[in-house]
Amino acid sequence: MGYSKEQLLQRLQELQIDFAHYDHPVVLTVEAQAKYVGHLGGGLSKNLFLKDKKHRFYIVSALAGTTVDLKVLSQRLGLGKGGLRMAPEESLQEILQVPLGCVTPFALINDSARHVSLLLDQGFKAQEFCFFHPLSNDVTISVNSRDLDKFLISIGKEPSYVDLEANPPVGKDQPPDLAALVLAGTIVLPDLSEKAGSVQHPTENTVPVANNLAAVTGKAAKKSNPTSVTKDKQQAAADPLNANGNVRKFVEEIIDKTSALLLAEITKDSIQQHGDQLGTVISDSIRKRLSLDVESLAMMFKNTVYTQGYIAGSQTGFVRK
Amino acid sequence: MEKNVREEENEPGQIVNPWEVSGKDGGKIDYDKLIDKFGCQRLDQTLIRRVERLTSRPPHVFLRRGVFFAHRDFNEILDAYERGEKFYLYTGRGPSSEALHLGHLVPFMFTKYLQDAFKVPLVIQLTDDEKCMWKNLSVEESQRLARENAKDIIACGFDITKTFIFSDFDYVGGAFYKNMVRVAKCVTFNKVVGIFGFTAEDHIGKISFPPVQAVPSFPSSFPHLFSGKDDLRCLIPCAIDQDPYFRMTRDVAPRIGYQKPSLIESSFFPALQGETGKMSASDPNSAIYVTDSAKDIKNKINKYAFSGGQDSIENHRKYGANLEVDIPIKYLGFFLEDDDELEHIRKEYATGRMLTGEVKKRLIEVLTELVERHRRARAAVTDEMVDAFMAVRPLPGMFD
């Protein structure tokens, strides 16, 4: 159930955000909107709702005068050339829960939009105020970029301002500069068509993997390879059934945890303290500290592959005599 | 044998039923009086040692620490198990909110241990109909919450080859409904008024609900699982406030030719602000949620966990901490596996050698690890997996 404009405006008031409110007939384009509020100074915004090949969604909110080149943006986000395109109309309703012509950063207040990444034109910061639709095309509100930040932070989003017109080179030695803005949290199964509404992920507080592992193994000082681990996590998040049923990944994760614990426990001090008993001591420690984690992983693995079998079985309509 | 307790006869002031739990004058719950009033039994050391022997593994931390402290006929389950007779587990959740906190996980963590230790199947009931009626949710919303809660339940580590999860809205009908009617015929209106405190102003949905929670205790309610096994015993791990449903069930069972289910019951999980505080879904600081980040956990424990320590370091070193009311110690009792370490902390804290801050620090570590593990498992649960857990399907390996 999406938020209504009244609910959004009430929330802004609760957050003590100053905004001015302008009613006008329904508008579907920036030009039409400009007819009613263009004379007030400040910055009109144009808002694009985009999608990449892995069914992740983005709102790009820019000053009306800023040139936005989707090909360049796609590269800067690390999606390759041509990785970004306009999102289909149905996802507008399903994910942002706003009508056509009404894309707005404020749509992120809806839970259905929790995995949408937001790119804001840094030009907003220079404006005294900027105009956005508050979830409805027959109203425009103007807010200062600091107040927009306040709102975004209140819904758990980190405001990211970007020079949208920049075109930095992207290559082997120059990683895509906006790659961090691509959220790892979206899950869609490949055979599902555009039913991105069924994404499930518990929280915006997803802790990146390297931290996860460290927290889980307690004091393990793990020297992980962050980029490859993050990429795996992205893949895992995008398709948990296949990722969690993968034998190689399963085995690697267990071996990683064990060797991290091992490395953490073999220190000059512990060698001195235990001498040739160190092996037994560490072996006990591994058993005690890893059992719960490894068991949890193994159970997830089992449940995942059973589910894959269940899906396969229900699709074949296989009836055993 | 079974005491039938009218709510008014409860310890004046102490109220314990499925919809309300409060101590006398807003104070602590008196569990001894509760066991006495309800007529169930204490889970003593002999039983715990017996469990250890029969399962060839250390008893679960909740048994060792007395979290699960009461039972009805648990010894009969163990007798039967020793003879080679199996049983199945039945537990459930009323999906009233999306956010689950650690207290919600306690019965599921224990049930998972029972499933692993005894190698028996499990049915989990999601009473979406109950919440629809009591919390006035729409049917669709309660169904949605049921599925969301199912994901956190699955993340506790249940084995899909031995676990059937069902929601009342999906499953009630067929053999299940037949048993509901059999049970309903044996319980008069006066009886449910006495047990649950219903009044003439309550709508008929509420009054006819109790059989729904009763019949999963009978194997014939699940023909796709237990067909031909009408004598299979049932063990129900639950919080002690659910006891009224099963007192009613145990009363009815012999009259319709069924085995009485056995129960193993837990005490209540204390709120962060203390035993007398109420854990409430509307106060995020009254509990640690499974969605809390490491930062949230640290913040909540440091700021809101009620401390039994003295108000100054000098006084603390002199008098020590009051372990009776200290929440971090209680929480460690639930979640710190190592008995020796817990004993050490308790001793040091009680004598004032250890400070509240140190106890809280250890608790934060323990809880963060727990919540992280849960979150990792939760991330792996997809809608398809929920469908698979909830599919009406046979479980061929259920006793393996």
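Table for the structure above
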| item | result |
| --- | --- |
| Residue match in segment A:33-41 (condition: crowded, with 18+ Cβ neighbours inside 10 Å, in contact with a strand residue (DSSP E or B) (Cβ under 9 Å, 6 or more places away or on another chain) and closer than 30 Å to residue A:239 by Cβ) | no |
| Segment B:23-62: number of residues that are out of contact with any Asp or Glu (no Cβ under 6 Å at 6 or more places or on another chain) and free of Cβ contacts under 8 Å to residues at least 12 places away in the same chain | 10 |
| Condition check for residue B:326: assigned by the TED database to the domain that holds residue B:88, surrounded by 16 or more Cβ atoms within 10 Å (Cβ to Cβ) and not aliphatic (A, V, I, L, M) | no |
| Matching residues, segment B:358-400, being without any contact (Cβ under 8 Å) to a residue 12 or more places away in the chain and in a helix (DSSP H, G or I) | B:358, B:361, B:365, B:369, B:373, B:376, B:379, B:384, B:387 |
| Options A:152, A:84; residue that is closer than 20 Å to residue A:70 by Cα and open to solvent by less than 20 Å² (accessible area, probe 1.4 Å) | A:84 |
| Where a residue in segment A:292-313 is facing another protein chain (nearest Cβ under 8 Å) and its partner, wherever it lies, is of a type in the set (S, T, N, Q), with Cβ under 7 Å and at least six apart | A:300/A:244; A:304/A:244; A:306/B:161 |
| Qualifying position, being open to solvent by less than 10 Å² (accessible area, probe 1.4 Å) and under 30 Å from residue B:301 (Cβ atoms), among B:95, B:121 | B:95 |
| So residue B:159, is it in a helix (DSSP H, G or I) and either hydroxyl-bearing (Ser, Thr, Tyr) or more than 26 Å from residue B:252 (Cβ to Cβ) (or both) | no |
| Scan of segment B:178-198 for residues that are closer than 14 Å to residue B:134 by Cβ and without any contact (Cβ under 8 Å) to a residue 60 or more places away in the chain, ordered by number | B:198 |
| Residue in segment B:343-356 that is least open to solvent (accessible area, probe 1.4 Å), counting only those that are free of Cβ contacts under 8 Å to residues at least 40 places away in the same chain and part of a helix (DSSP H, G or I) | B:345 |
| Candidate set from segment B:362-394 (those that are among the β-branched types (Val, Ile, Thr) and farther than 30 Å from residue B:300 by Cα); member that is nearest to the other protein chains (Cβ to nearest Cβ) | B:386 |
| Test for residue B:335: is it within 22 Å of the chain's Cα centre (by Cα), within 12 Å of another protein chain (Cβ to nearest Cβ), open to solvent by less than 10 Å² (accessible area, probe 1.4 Å) and modelled with pLDDT of 95 or more | no |
| Residue B:178 open to solvent by 30 Å² or more (accessible area, probe 1.4 Å) and either in a loop (DSSP other than H, G, I, E, B) or modelled with pLDDT under 95 (or both) | no |
| Subset tally (residues that are touching a residue at least 60 places away in the same chain (Cβ under 8 Å) and buried (at least 19 other Cβ atoms within 10 Å of the Cβ)) for segment A:97-106 | 3 |
| Complete set of residues in segment A:265-286 that are open to solvent by less than 50 Å² (accessible area, probe 1.4 Å) and within 30 Å of residue A:303 (Cβ to Cβ) | A:285, A:286 |
| Filter result (within 30 Å of residue B:296 (Cβ to Cβ), aliphatic (A, V, I, L, M) and open to solvent by less than 20 Å² (accessible area, probe 1.4 Å)) within segment B:230-274 | B:240, B:271, B:272 |
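The values are calculated or read from the model by the stated rules, or taken from the named source; none is laboratory data. Given the structure is predicted, the values throughout are model-derived calculations rather than measurements. All Cβ positions, even for glycine, are placed from backbone atoms using ideal geometry, and neighbour counts span all protein chains on display. With ligands, DNA and RNA removed, areas are computed over all heavy atoms of the protein, side chains included. Shrake-Rupley method; radii C 1.70, N 1.55, O 1.52, S 1.80 Å.
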